[in-house]
Amino acid sequence: MSSPKPSTIRVGRRYRANRLDGPYDAVVIGSGIGGLTTAACMSKLGKKVAVFEQHYTAGGFTHSYDRNGYEWDVGVHYIGDVGADHTLTKRLFDHITDGQLKWAPMDSHFDRIFIGDRHVDLVAGPDQFKAELLKAFPNEEQAIDTYLIYLKKVAKAMPGLVIGKVLPDLAAGPLRKLVNRAAPSFLNRPTREVLEGLTSNQDLIAVLTGQWGDNGLPPAESSFIIHALIARHYLYGGYYPIGGASEMAKTIIPVVQQSGGEVFTYADVTGILIEKGKAVGVRMADGEEVRAPLVISNAGVFNTFNKLLPDSAPHRDYYQQKLTTVERSMASNCLYIGLQDTAENLKLPKTNYWIYPGPDYEKHVSDFMVKPEDTDIPLTYISFPSAKDPSFAERYPGRATIEIVAPGPYEWYESWADKTWGKRGEDYEALKEAYAQRLLAKLYEKFPHLEGKVDYYELSTPLSTDYFCRYSKGEIYGLNHTPSRFEQDWLKPKTRIPGLYLTGQDVMTCGVAGAMIGGLLATVAVSGLKGLPLAKKMFVG
């Protein structure tokens, strides 16, 4: 396949030094949803914020792209907790978009988990969720009931963990002890360990953990915290932004602009300016220095402390050591598919498909990493964005799209990392094509009527993730959500360097909602007492 043409969906204002309109109260590095959330929340507090995005469009993993007459999202496959106005996720979205972002519900059977030849659906609503599971596992009512209680207990424990992220160290330490004392014993245990304490039925465990691709770690490795947060997030169903994922940035940017701020694209930050031990601004790729009393990084902790912070910065050695305590999350391949017919005619569902060879997720992953060519793909996720978005048929008449995500280790593609995007050579394209065909075969297994109807497809690799989103190993969820990660008290908005703050998914958890909460916490951390009413409004209602 030839190299595709660049996208036509561009959100944000193209950077030029003469377009800067300082002074700014803060600069934000990166326009992922965490950075945009912080910028919009600060704008609501009257602060003038400049957001710098190195990509040609704003949004980070929430951006969309248009190619060959089709549009796909790159990371917003579905969102939970936006079906009712009282939820934190919905309140926060409404706050940062002035209520302009609208949602369409997916099918009530929003996730279908395939374990070998059988499948079980995850259904919206706790009662319906339980009823569907009991159809498949009639002897496991007690385990299912206890599992739902566990999800509630994790949700109840989270406010203490969240508050600890923004309190001063002297107060955070005692609070952490209180939280740990009050927290359930299973809170930060490995997910599989917790569930095996409830049931010995491995198929039930596999179904309950069938969304593990939403955090990138199989259940034996992930903390039960992240599992419970994701499961609880989708307990009332999945939703999709009307107009596509790019509507997120489109509706947030006007709020950033309300206080004079702006979101710049093609705006490559190459370093954080440190003077007299404080962060005082950023240096752009064109040499321009943009100064502000607050620098807020949405670039992730590895980029922030390894690439952007100068060697002479205070506490750099401290953060270099701390980076050894966390790991980068999984990398993936994504196959973007276009079909010349409507989602309705093609009978594409508003349900996500999670396809696994069997219930032993860890073994399947391990075997695949050793012999990828000879082993079944351990996780295949299929999403149907054109079916989920009711505006798609109007915007792209007679077209439909599908996305397939599967593991794709960075090491497979590392030898091409120094080559230019779109010009990495025939060997690279052949490797991509071989994997694309395997993913198409997975699609045709479940939807045989689609064979012969695919008009266009292209595979992205971890090198694409690095090129567009600056995650150098292709990690899509920032940091691995292991139990150890949740014990790291340095993962919080306020750094040891005065004036430098963190936002996004490395602050709290991965995913759109997790990164947004990281953005909210960053706002509270930089705003002090002025941010407390905002925190109360979001967390209490």
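Observations on the model:
- Exposure here means at most 13 other Cβ atoms within 10 Å; with GluC sites (Glu not before Pro) in a DSSP loop as sites, the longest stretch of the chain lacking them is 1-343.
- In a DSSP loop and with at most 12 other Cβ atoms within 10 Å, the trypsin sites (Lys or Arg not before Pro) in segment 216-293 are K276.
- For segment 329-469, the dipole from Cβ point charges (+1 on Lys and Arg, -1 on Asp and Glu) about the Cα centre works out to 480 debye, to the nearest 20.
- Exposure proxy ranking for K322, K492, K388, K156, based on other Cβ atoms within 10 angstrom of each Cβ and starting from the fewest, stands as K156, K322, K492, K388.
- Backbone N under 16 Å from the E433 label point (7 Å along Cα→Cβ), restricted to segment 443-476: 456-460
- Here the residues D73, D268, D317, D466, ranked from fewest to most Cβ neighbours within 10 Å of their Cβ, fall in the order D317, D268, D466, D73.
- Ranked C510, C41, criterion: other C-beta atoms within 10 Å, fewest first: C510, C41
- Lys, Arg +1 and Asp, Glu -1 on Cβ, resulting dipole of segment 1-128 about Cα centre, debye, nearest 20: 820
- Only helices enter the 222 nm calculation for the chain: every DSSP H run of n ≥ 4 contributes -39,500 (n - 2.57), and dividing by all residues gives -10000 deg cm²/dmol, rounded to 500.
- Potential lengthening between K307 and R189 on full extension [0.36 nm per residue; Cα-Cα distance subtracted]: 39.2 nm
- Beta bridges by DSSP in the chain, antiparallel share as percent, to the nearest 5: 70
- Reciprocal of mean inverse Cα separation for the chain (Kirkwood radius, Å): 23.7
- Taking every C-alpha pair closer than 8 Å and separated by at least 6 residues, the mean separation divided by the residue count of the chain gives a relative contact order of 23 percent.
- Spin-label pair L20/E362, simplified geometry with 7 Å Cα→Cβ offset, distance in nm: 5.1
- Using only side-chain charges placed at the Cβ, +1 for Lys and Arg and -1 for Asp and Glu, the dipole size of the chain relative to its Cα centre rounds to 2180 debye.
- Per residue, the average separation of C-alpha pairs within less than 8 Å and at least 6 apart gives segment 329-469 a relative contact order of 38 percent.
- Residues with amide H under 5 Å from that of Y456, placed H, sequence gap 5 or more: G338
- For the residue pairs K153/K530; K432/K453; K347/K442; K322/K536; K48/K530; K47/K536, the C-alpha atoms sit more than 22 angstrom apart in K153/K530; K322/K536.
Bear in mind these aren't lab numbers, they're just calculated from the coordinates by the rules spelled out. This is a predicted model, so every value here is computed, not measured. We place every Cβ from the backbone using ideal geometry, glycine too, and count neighbours over all the protein chains shown.
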